Amino acid sequence: MMVDSPFVIQQKEKSQSERNSIIQDKEKVSASEVQKDFLQSKVEQANNHLQTHYTSVQFQLHEKLDRYYVEVVDADTKEVVREIPPKDFLDMIAEMTEFQGLMVDQKV
């Protein structure tokens with residue numbers, strides 16, 4: 001029966017730990033590749049979902065402020081998806097300027 005020297009034992013342990021390290025590195029790389037693939041598939045699904053929703057942009061005039069705002073409208077349902085800036089915000093500004101005008105008129 002042959003007995004390994006301490007140096008040989010140390011080399012065997014070192015090579016085993018190196019193999020374990022390489023295996024762990026490969027697992028990390030494959031895990032990151034899986035995450036990238038998963039993320040890429042989700043991005044493609046989101047893009048496909050967004051492409052099926054056709055929208056149009058309409059410019060609308062706010063009567064009281066005499067300013068334009070943008071409405072994003074769903075082409076299928078004719079529902080307003082978004083207003084830029086929000087019409088409620090423009091209404092609030094109109095009310096504030098009207099109130100400010102009343103205050104000035106009363107002081108004069």
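Key figures for this structure:
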read-out: Selected residue (criterion: nearest to the chain's Cα centre (by Cα)) from residues of the range 43-82 that are within 30 Å of Gly101 (Cα to Cα) and open to solvent by 100 Å² or more (accessible area, probe 1.4 Å); value: Phe59
read-out: Lone unmet requirement of (1) modelled with pLDDT of 90 or more; (2) open to solvent by 100 Å² or more (accessible area, probe 1.4 Å) for Ile93; value: (2)
read-out: Filter pass, Glu13 being open to solvent by 70 Å² or more (accessible area, probe 1.4 Å) and at pLDDT 65 or above; value: no
read-out: Enumeration of residues in the range 44-67 that are at pLDDT 80 or above and out of contact with any Asp or Glu (no Cβ under 7 Å at 6 or more places or on another chain); value: Glu44, Gln45, Ser56, Val57, Phe59, Leu61, His62, Glu63, Lys64, Leu65, Asp66, Arg67
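The values are calculated or read from the model by the stated rules, or taken from the named source; none is laboratory data. Only a predicted model underlies this, so the values are computations on that prediction, with no experimental measurement involved. Methodologically, a virtual Cβ is constructed for each residue, glycine included, from the backbone with ideal geometry; neighbour enumeration extends over all protein chains shown. When the accessible area is computed, the model is the full protein with side chains, heavy atoms only, and any ligands, DNA or RNA have been set aside. Shrake-Rupley method; radii C 1.70, N 1.55, O 1.52, S 1.80 Å.
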